[in-house]
Amino acid sequence: MAQQQSDVEAVKNLARAYQNLRTEIAKVIVGQEQVIEHLLIALLSRGHCLLVGVPGLAKTLLIKTLAETLDLKFSRIQFTPDLMPSDITGTEIIEENVSTGQKAFKFVKGPVFANIILADEINRTPPKTQAALLESMQEHHVTAAGQTYLLEEPFFVLATQNPIEQEGTYPLPEAQLDRFMFNLWLDYPSFEEEVAIVQTTTSPYQPTLAHVLNAKQLVEFQSLVRRVPVAENVIQFAVNLVNRSRPSSNNAPDFVRKWIRWGAGPRASQYLILGAKARAILSGRHTADIDDVRALAAPVLRHRIVSSFNAEAEGITAIQIIEQLLTSLD
């Protein structure tokens, strides 16, 4: 009973902190409300995000602002073709003890040892270096010279990709894309939003951001998400949605067999439910429902379904397929 009462209070505190976060981020970022909500849902769910958008949409600024309002250690890695795995994870150097003259190896931690990692243009670096970051994402530790170094919690990776200029890039394979909870697409701002952006960025305006949450509080809220109850029918809805995205499934509609080569795996079902739990408590509710699952279907499934040649020939996008999948469950 005491645990339930404390959880109820924690949900209220998180909902209040979420509104404060939105207020602080809005001092710097104009619009992008849904993207901000999805970033916080992924953070609370212990997931990672892949942000896709053309240059100039403030992807880097958004992530940096989020880290500042959360009072977390922020690290930016600019991915380039010559980046090596040790440039991310760290490297061993020989250090000499001045008093004894003895030499010993010392591990110098790389930029991955932070709470929020911005992996800028992750598709610009070869697969070997991409894999070094993706291992840290999955395992939450780094292994170097036989030693394992744990990463500090919370650990949140935000990778960006530019959808233009794909020449000379190294696209992430499907197995590695699957490690990202969300694939978020940033769109151009509206006319009114762009006017506001130009007004604030071309003036002397320098906002002061307040810290809303710290690392310890975030870890506690991440544990709270896992304790959120979910009804059996909500879990079945999420699993059914993912199951129907697979052409080999007996439940797959005809349009899935026509437009999809490979459907989403079980990780999609897990992230749909975790994300639904986080979305519920961010809005002050104590249990997730089917509407929460529906709201997160696009960012969870977009990068997990592989379109067929028929879909590409007909100009059918992944989002259109997801929307039709949701309609088929009504």
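Derivation of every value follows stated rules applied to the coordinates shown; laboratory data play no part. From a predicted model like this one, the values you see are computed outputs, not experimental measurements. Please note: Cβ atoms are built from the backbone with ideal geometry, for glycine as well, and neighbour counts cover all protein chains shown.
Data table
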read-out: Projected label distance in nm at A215 and E314, using a 7 Å step from Cα toward the beta-carbon; value: 5.0 nm
read-out: Cut-off 13 Å (backbone N to label point 7 Å along Cα→Cβ of Y149), residues of the range 73-104; value: 86-94
read-out: Surface/4 of the Cα convex hull for the chain, nm²; value: 22.0 nm²
read-out: Estimated distance in nm for a label pair at Y188 and I164, the labels positioned 7 Å out from Cα along Cα-to-Cβ; value: 1.0 nm
read-out: Gain upon complete extension [Q78, S249; 0.36 nm per residue less C-alpha separation]; value: 57.5 nm
read-out: Burial ordering of L21, L209, fewest other beta-carbon atoms within 10 Å first; value: L209, L21
read-out: GNM flexibility winner over the chain from S136, S249, S269 (Cα, springs under 10 Å); value: S249
read-out: Ranking of M84, M137, M181 by count of other Cβ atoms within 10 Å, fewest first; value: M84, M137, M181
read-out: Additional length obtainable on full extension of the chain from Q19 to R261, 0.36 nm per residue less Cα span; value: 83.0 nm
read-out: Over the chain: helical MRE at 222 nm, DSSP H runs n ≥ 4 each giving -39500 (n - 2.57), nearest 500; value: -14500 deg cm²/dmol
read-out: Relative packing of 64-76, 315-327, 141-153, which averages over residues the other C-beta atoms within 10 Å, highest first; value: 64-76, 315-327, 141-153
read-out: Rel. contact order, % - alpha carbon contacts under 8 angstrom, at least six apart, the range 230-330; value: 31 percent
read-out: Degrees separating the helix 318-328 axis from the principal Cα axis of the chain, which is the longest one; value: 40 degrees
read-out: Per-peptide average of other Cβ atoms within 10 Å, ordering 7-20, 33-46 highest first; value: 33-46, 7-20
read-out: DSSP-defined beta bridges in the chain - what % are antiparallel, rounded to 5; value: 40 percent
read-out: DSSP bridge orientation in the range 1-151 - percent antiparallel, rounded to nearest 5; value: 70 percent
read-out: Cα shape, the range 230-330, gyration tensor, a/c 1.5 rule; value: prolate
read-out: Residue order, fewest to most beta carbons within 10 Å, for D330, D254; value: D330, D254
read-out: Rounded if a/c under 1.5, otherwise prolate or oblate - the range 243-282, Cα gyration tensor axes; value: prolate
read-out: Contour excess over end-to-end distance, with Cα ends at A175 and K128 and 0.36 nm allotted per residue; value: 15.5 nm
read-out: The chain: angle of helix 33-44 to the longest principal axis, Cα-based, in degrees nearest 10; value: 70 degrees
read-out: Protection proxy ranking of 185-198, 225-238 - average other beta-carbon atoms within 10 Å, highest first; value: 225-238, 185-198
